[in-house]
Amino acid sequence: MAFYSLANLADLYDGFAAAYNISGQRLLLLQDEGQVFVIENRCPHMDAPLASGKITQGAIVCRAHGIAFDLRNGRARGPLSDTLDCLRFFPVVFEGNKVGVDL
Ligand code: FES
């Protein structure tokens, strides 16, 4: 595993989202309700990038077809919750004033 710095902690805020390509991984760093997440920048529905998704009420809503994915458990909300894969989470790492990911 290696640490990759993604952003300064001071730059994050609720609703923050930024996409990165690192080591062949499409990553999305985001913050919601004070909690920081790194997820794959790919919607489990039909692979649209989630970077333009709306972060609201503990979920990220994909712009392509409007499915909301819960940021606490990764599951889709609504009728497709049992059929879609979950969001893929990566380990968030805090080092000093930086936030990053272990890959
Ligand atoms: S690709 Fe995201 S909701 Fe369809």
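The values are calculated or read from the model by the stated rules, or taken from the named source; none is laboratory data. Given the structure is predicted, the values throughout are model-derived calculations rather than measurements. Positions of Cβ are backbone-derived with ideal geometry, glycine not excepted, and every protein chain shown enters the neighbour counts.
If I filter region 71-81 down to residues being at negative phi and part of a loop (DSSP other than H, G, I, E, B), which single residue comes out as nearest to the ligand (Cβ to nearest atom)? Write out each step before concluding.
Keep residues of region 71-81 that are at negative phi, which gives 71-73, 75-77, 79-81.
This time we only want the ones that are part of a loop (DSSP other than H, G, I, E, B), so: 71-73, 75, 77, 79-81.
On the way: 71: 15, 72: 19, 73: 17, 75: 13, 77: 11, 79: 13, 80: 9, 81: 13 Å.
Checked region 71-81; the qualifying residue nearest to the ligand (Cβ to nearest atom) is 80.
Matching residues to (1) more than 14 Å from the ligand (Cβ to nearest atom); (2) surrounded by fewer than 15 Cβ atoms within 10 Å (Cβ to Cβ); (3) in a strand (DSSP E or B); (4) at pLDDT 95 or above:
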residue: 7; (1), (2), (3), (4): yes, no, yes, yes
residue: 29; (1), (2), (3), (4): yes, no, yes, yes
residue: 37; (1), (2), (3), (4): yes, no, yes, yes
residue: 42; (1), (2), (3), (4): no, no, no, yes
residue: 69; (1), (2), (3), (4): no, no, yes, yes
residue: 83; (1), (2), (3), (4): no, yes, no, yes
residue: 93; (1), (2), (3), (4): yes, no, yes, yes
Exercise for review: Tally the residues that are of a type outside the set (Lys, Arg), more than 7 Å from the ligand (Cβ to nearest atom) and within 12 Å of the chain's Cα centre (by Cα), restricting the search to region 45-62.
Suggested key: 10
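Among the residues of region 9-27, write down those that are among the hydrophobic types (A, V, I, L, M, F, W, C) and within 16 Å of the ligand (Cβ to nearest atom).
Residues of region 9-27 that are among the hydrophobic types (A, V, I, L, M, F, W, C), as a first pass: 9-10, 12, 16-19, 22, 27.
Of everything in region 9-27, those that are among the hydrophobic types (A, V, I, L, M, F, W, C) and within 16 Å of the ligand (Cβ to nearest atom) turn out to be 17, 19.
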Study note, to complete from the structure: If you go through 35, 57, the only one that is under 17 Å from residue 6 (Cβ atoms), free of Cβ contacts under 8 Å to residues at least 40 places away in the same chain and not charged (D, E, K, R) is 35
